[in-house]
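The values are calculated or read from the model by the stated rules, or taken from the named source; none is laboratory data. Fair warning: this is a prediction, and the values are worked out from it, not measured in the lab. Here Cβ is always computed from backbone atoms with ideal geometry, including for glycine, and neighbour counts include all displayed protein chains.
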Amino acid sequence: MNKITKVICAASLAFALLLGSTASTFSVTYPCTGYSTGANVNLRNGPSTDYYSYGTIHYGDALKVIGEENGWYKVVYPLCDDGFAFISGDYVSMTAPAPRNTVNISYGATYNTSAGQRVVQIAEQFLGLPYVYGGSTPAGFDCSGFTSYVFKQLGYSLYRSSYQQINNGVPVSKSELQPGDLLLFKKSGASRIHHVGIYVGDGMMIHSPQTGDVIKYASIVSGYYNNCYYAARRIVQ
(Lines give C-alpha, C1' and ligand atoms only; values in the text may rest on other atoms or scores of the structure.)
Protein backbone atom coordinates (compact mmCIF):
# COMPACT_ATOMS: atom_id res chain seq x y z
CA MET A 1 0.00 0.00 0.00
CA ASN A 2 1.56 3.32 -1.10
CA LYS A 3 1.64 6.48 0.96
CA ILE A 4 -1.28 8.18 -0.85
CA THR A 5 -3.47 5.10 -0.37
CA LYS A 6 -2.63 5.02 3.35
CA VAL A 7 -3.61 8.68 3.71
CA ILE A 8 -6.92 8.10 1.91
CA CYS A 9 -7.70 5.06 4.08
CA ALA A 10 -6.89 6.98 7.27
CA ALA A 11 -9.07 9.89 6.19
CA SER A 12 -11.93 7.54 5.34
CA LEU A 13 -11.67 5.85 8.72
CA ALA A 14 -11.65 9.18 10.54
CA PHE A 15 -14.70 10.35 8.58
CA ALA A 16 -16.54 7.12 9.38
CA LEU A 17 -15.76 7.51 13.06
CA LEU A 18 -16.96 11.11 12.94
CA LEU A 19 -20.24 10.04 11.34
CA GLY A 20 -20.69 7.36 13.97
CA SER A 21 -20.04 9.84 16.75
CA THR A 22 -22.42 12.38 15.23
CA ALA A 23 -25.14 9.80 14.82
CA SER A 24 -24.70 8.81 18.45
CA THR A 25 -24.80 12.45 19.59
CA PHE A 26 -28.06 13.19 17.82
CA SER A 27 -29.73 9.86 18.57
CA VAL A 28 -31.26 11.35 21.73
CA THR A 29 -34.84 12.50 21.22
CA TYR A 30 -36.05 15.29 23.46
CA PRO A 31 -37.80 15.47 25.83
CA CYS A 32 -36.36 12.45 27.61
CA THR A 33 -35.40 11.38 31.12
CA GLY A 34 -31.85 11.74 32.36
CA TYR A 35 -30.27 10.85 35.69
CA SER A 36 -27.68 12.60 37.82
CA THR A 37 -24.47 10.58 38.13
CA GLY A 38 -22.83 12.88 40.67
CA ALA A 39 -23.44 14.10 44.20
CA ASN A 40 -24.46 17.73 44.81
CA VAL A 41 -24.47 18.60 41.10
CA ASN A 42 -25.27 22.25 40.35
CA LEU A 43 -28.28 23.31 38.30
CA ARG A 44 -27.35 26.62 36.66
CA ASN A 45 -29.19 29.34 34.75
CA GLY A 46 -26.89 28.96 31.77
CA PRO A 47 -24.69 26.37 30.02
CA SER A 48 -21.39 26.93 31.85
CA THR A 49 -19.93 27.20 35.34
CA ASP A 50 -19.94 30.99 34.94
CA TYR A 51 -23.68 31.02 35.52
CA TYR A 52 -25.54 31.24 38.83
CA SER A 53 -26.44 27.99 40.60
CA TYR A 54 -30.11 27.55 41.52
CA GLY A 55 -29.30 24.59 43.75
CA THR A 56 -28.06 21.02 43.59
CA ILE A 57 -29.38 17.56 42.86
CA HIS A 58 -28.08 14.21 43.99
CA TYR A 59 -26.92 10.90 42.64
CA GLY A 60 -29.71 9.06 40.83
CA ASP A 61 -32.16 11.99 40.76
CA ALA A 62 -34.27 11.99 37.59
CA LEU A 63 -34.48 15.00 35.28
CA LYS A 64 -36.66 15.87 32.31
CA VAL A 65 -34.14 16.77 29.59
CA ILE A 66 -35.46 19.10 26.88
CA GLY A 67 -32.30 20.01 24.98
CA GLU A 68 -28.51 20.32 24.83
CA GLU A 69 -26.18 23.27 24.46
CA ASN A 70 -22.38 23.27 24.46
CA GLY A 71 -22.14 20.00 26.38
CA TRP A 72 -24.78 21.06 28.93
CA TYR A 73 -28.26 19.58 29.15
CA LYS A 74 -31.27 21.87 29.41
CA VAL A 75 -33.69 20.43 31.98
CA VAL A 76 -37.12 21.30 33.34
CA TYR A 77 -36.75 22.99 36.73
CA PRO A 78 -39.86 24.93 37.84
CA LEU A 79 -38.04 26.74 40.64
CA CYS A 80 -36.15 28.77 38.02
CA ASP A 81 -37.64 31.97 36.62
CA ASP A 82 -37.78 30.53 33.11
CA GLY A 83 -38.85 27.06 34.20
CA PHE A 84 -35.61 25.39 33.13
CA ALA A 85 -31.95 25.10 34.11
CA PHE A 86 -28.71 23.63 32.80
CA ILE A 87 -26.63 20.74 34.10
CA SER A 88 -23.22 19.64 32.84
CA GLY A 89 -23.39 16.65 30.50
CA ASP A 90 -20.51 15.18 32.51
CA TYR A 91 -22.98 14.38 35.27
CA VAL A 92 -25.97 13.09 33.31
CA SER A 93 -26.75 9.60 32.05
CA MET A 94 -29.77 8.61 29.95
CA THR A 95 -29.93 5.32 31.85
CA ALA A 96 -30.56 5.06 35.57
CA PRO A 97 -27.28 4.61 37.47
CA ALA A 98 -26.83 1.67 39.79
CA PRO A 99 -28.00 2.45 43.33
CA ARG A 100 -25.30 3.30 45.81
CA ASN A 101 -24.96 1.61 49.15
CA THR A 102 -26.95 3.54 51.74
CA VAL A 103 -26.05 4.07 55.36
CA ASN A 104 -28.60 2.87 57.90
CA ILE A 105 -29.88 5.85 59.84
CA SER A 106 -30.27 5.44 63.58
CA TYR A 107 -33.43 7.27 64.60
CA GLY A 108 -33.85 8.49 68.13
CA ALA A 109 -35.96 10.69 70.35
CA THR A 110 -33.25 13.30 70.99
CA TYR A 111 -34.43 16.43 69.22
CA ASN A 112 -32.13 19.06 67.75
CA THR A 113 -33.96 22.34 67.15
CA SER A 114 -31.51 23.62 64.57
CA ALA A 115 -31.81 20.41 62.57
CA GLY A 116 -35.60 20.64 62.62
CA GLN A 117 -35.50 24.24 61.46
CA ARG A 118 -33.11 23.20 58.71
CA VAL A 119 -35.67 20.67 57.49
CA VAL A 120 -38.23 23.49 57.28
CA GLN A 121 -35.78 25.80 55.48
CA ILE A 122 -35.09 23.17 52.84
CA ALA A 123 -38.79 22.46 52.38
CA GLU A 124 -39.64 26.16 52.03
CA GLN A 125 -37.31 26.48 49.03
CA PHE A 126 -39.94 24.61 47.01
CA LEU A 127 -42.99 26.73 47.88
CA GLY A 128 -45.05 27.26 44.74
CA LEU A 129 -43.63 24.24 42.90
CA PRO A 130 -46.46 22.38 41.09
CA TYR A 131 -47.53 18.95 42.34
CA VAL A 132 -46.43 16.09 40.07
CA TYR A 133 -47.91 12.64 40.61
CA GLY A 134 -45.06 10.20 41.31
CA GLY A 135 -42.55 13.06 41.40
CA SER A 136 -39.57 12.85 43.72
CA THR A 137 -37.17 15.51 42.37
CA PRO A 138 -37.15 19.33 42.09
CA ALA A 139 -38.78 18.88 38.68
CA GLY A 140 -41.95 18.17 40.70
CA PHE A 141 -43.05 16.24 43.81
CA ASP A 142 -45.99 14.26 45.07
CA CYS A 143 -46.57 14.35 48.84
CA SER A 144 -44.23 11.55 49.91
CA GLY A 145 -41.72 12.34 47.18
CA PHE A 146 -41.48 15.81 48.69
CA THR A 147 -40.97 14.65 52.29
CA SER A 148 -38.48 11.94 51.36
CA TYR A 149 -36.46 14.38 49.20
CA VAL A 150 -36.34 17.07 51.91
CA PHE A 151 -35.11 14.71 54.61
CA LYS A 152 -32.65 13.14 52.18
CA GLN A 153 -30.86 16.51 52.01
CA LEU A 154 -29.91 16.04 55.67
CA GLY A 155 -28.93 12.40 55.25
CA TYR A 156 -32.16 10.74 56.43
CA SER A 157 -33.64 7.94 54.33
CA LEU A 158 -37.43 7.70 54.37
CA TYR A 159 -39.65 5.10 52.78
CA ARG A 160 -41.01 6.35 49.46
CA SER A 161 -44.75 5.82 50.02
CA SER A 162 -46.86 7.91 52.39
CA TYR A 163 -48.38 4.88 54.10
CA GLN A 164 -44.90 3.46 54.74
CA GLN A 165 -43.40 6.62 56.21
CA ILE A 166 -45.13 5.99 59.51
CA ASN A 167 -42.41 3.37 60.00
CA ASN A 168 -39.72 6.08 59.97
CA GLY A 169 -38.59 8.01 63.04
CA VAL A 170 -40.18 7.86 66.49
CA PRO A 171 -43.77 8.71 67.51
CA VAL A 172 -44.55 12.19 68.80
CA SER A 173 -47.91 13.51 70.02
CA LYS A 174 -49.67 16.37 68.29
CA SER A 175 -49.34 18.51 71.41
CA GLU A 176 -45.54 18.11 71.36
CA LEU A 177 -44.87 18.81 67.68
CA GLN A 178 -41.69 20.65 66.73
CA PRO A 179 -40.69 22.16 63.37
CA GLY A 180 -39.33 19.45 61.10
CA ASP A 181 -41.60 16.67 62.37
CA LEU A 182 -43.20 14.41 59.76
CA LEU A 183 -47.03 14.52 59.74
CA LEU A 184 -49.28 11.70 58.53
CA PHE A 185 -52.95 11.87 57.54
CA LYS A 186 -55.65 9.25 57.11
CA LYS A 187 -59.29 9.67 56.14
CA SER A 188 -61.94 8.40 58.52
CA GLY A 189 -62.57 4.72 57.85
CA ALA A 190 -59.59 4.40 55.50
CA SER A 191 -57.27 1.44 55.88
CA ARG A 192 -54.04 3.34 55.41
CA ILE A 193 -52.35 6.76 55.39
CA HIS A 194 -52.96 8.80 52.24
CA HIS A 195 -50.96 11.99 52.79
CA VAL A 196 -47.85 13.37 54.50
CA GLY A 197 -46.41 16.79 55.24
CA ILE A 198 -43.79 18.57 57.36
CA TYR A 199 -44.63 20.61 60.45
CA VAL A 200 -43.34 24.20 60.35
CA GLY A 201 -44.74 25.48 63.67
CA ASP A 202 -47.76 27.51 64.85
CA GLY A 203 -50.21 24.80 63.80
CA MET A 204 -49.06 24.88 60.18
CA MET A 205 -47.39 22.42 57.82
CA ILE A 206 -45.79 22.57 54.39
CA HIS A 207 -46.83 19.90 51.89
CA SER A 208 -47.39 18.97 48.25
CA PRO A 209 -51.18 18.55 48.19
CA GLN A 210 -52.57 17.14 44.94
CA THR A 211 -52.67 17.35 41.15
CA GLY A 212 -53.37 20.91 40.02
CA ASP A 213 -52.03 22.42 43.24
CA VAL A 214 -48.62 23.60 44.44
CA ILE A 215 -46.38 23.12 47.47
CA LYS A 216 -47.77 25.42 50.15
CA TYR A 217 -48.65 25.87 53.81
CA ALA A 218 -51.80 24.45 55.40
CA SER A 219 -53.33 24.43 58.87
CA ILE A 220 -53.40 21.19 60.85
CA VAL A 221 -55.51 22.61 63.67
CA SER A 222 -58.62 23.43 61.63
CA GLY A 223 -60.36 22.26 58.48
CA TYR A 224 -59.61 19.18 56.41
CA TYR A 225 -56.12 18.35 57.71
CA ASN A 226 -57.21 18.71 61.32
CA ASN A 227 -60.04 16.26 60.67
CA CYS A 228 -57.84 13.62 59.04
CA TYR A 229 -54.72 14.12 61.17
CA TYR A 230 -53.47 10.67 62.17
CA ALA A 231 -49.93 10.69 63.58
CA ALA A 232 -46.49 12.31 63.62
CA ARG A 233 -42.95 11.04 63.54
CA ARG A 234 -39.74 12.76 64.64
CA ILE A 235 -37.02 12.06 62.08
CA VAL A 236 -34.14 14.41 62.84
CA GLN A 237 -31.99 14.00 65.92
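Do the conditions hold for Lys186, that is, is it of a type outside the set (Phe, Trp, Tyr) and touching a Cys at 6+ places or on another chain (Cβ under 7 Å)?
yes
What's the number of the only condition in (1) within 15 Å of Tyr131 (Cβ to Cβ); (2) touching a Ser or Thr at 6+ places or on another chain (Cβ under 7 Å); (3) of a type outside the set (Ser, Thr, Tyr) that Lys216 fails to meet?
Result: Lys216 fails condition (2) only.
Please determine whether any residue of region 108-119 is more than 15 Å from Lys152 (Cβ to Cβ), of a type in the set (D, E, K, R) and at pLDDT 70 or above.
No; the residues of region 108-119 include none that is more than 15 Å from Lys152 (Cβ to Cβ), of a type in the set (D, E, K, R) and at pLDDT 70 or above.
Among the numbered criteria (1) closer than 20 Å to Gly116 by Cβ; (2) part of a loop (DSSP other than H, G, I, E, B), which one does Thr211 miss?
Checking Thr211 against (1) closer than 20 Å to Gly116 by Cβ; (2) part of a loop (DSSP other than H, G, I, E, B), the one that fails is (1).
Tell me, please, whether a residue that is of a type in the set (S, T, N, Q), buried (at least 21 other Cβ atoms within 10 Å of the Cβ) and not assigned by TED's automatic domain parsing to the domain that holds Tyr35 can be found in region 170-183.
Here is the first cut: in region 170-183, the ones of a type in the set (S, T, N, Q) are 173, 175, 178.
With buried (at least 21 other Cβ atoms within 10 Å of the Cβ) added as a condition, the list becomes none.
No, region 170-183 has no match at all.
Select from region 50-92 the residues that are among the small types (Gly, Ala, Ser) and more than 19 Å from Val28 (Cβ to Cβ) and write down the one among them that is surrounded by the fewest Cβ atoms within 10 Å (Cβ to Cβ).
For region 50-92, the residue satisfying everything is Gly83.
Output the number of residues of region 57-74 satisfying the condition of being outside any strand (DSSP E or B) and among the hydroxyl-bearing types (Ser, Thr, Tyr).
So the first thing to find is which residues in region 57-74 are outside any strand (DSSP E or B), and the list is 58-61, 70-71.
Still in the running and among the hydroxyl-bearing types (Ser, Thr, Tyr): 59.
Here the count works out to 1.
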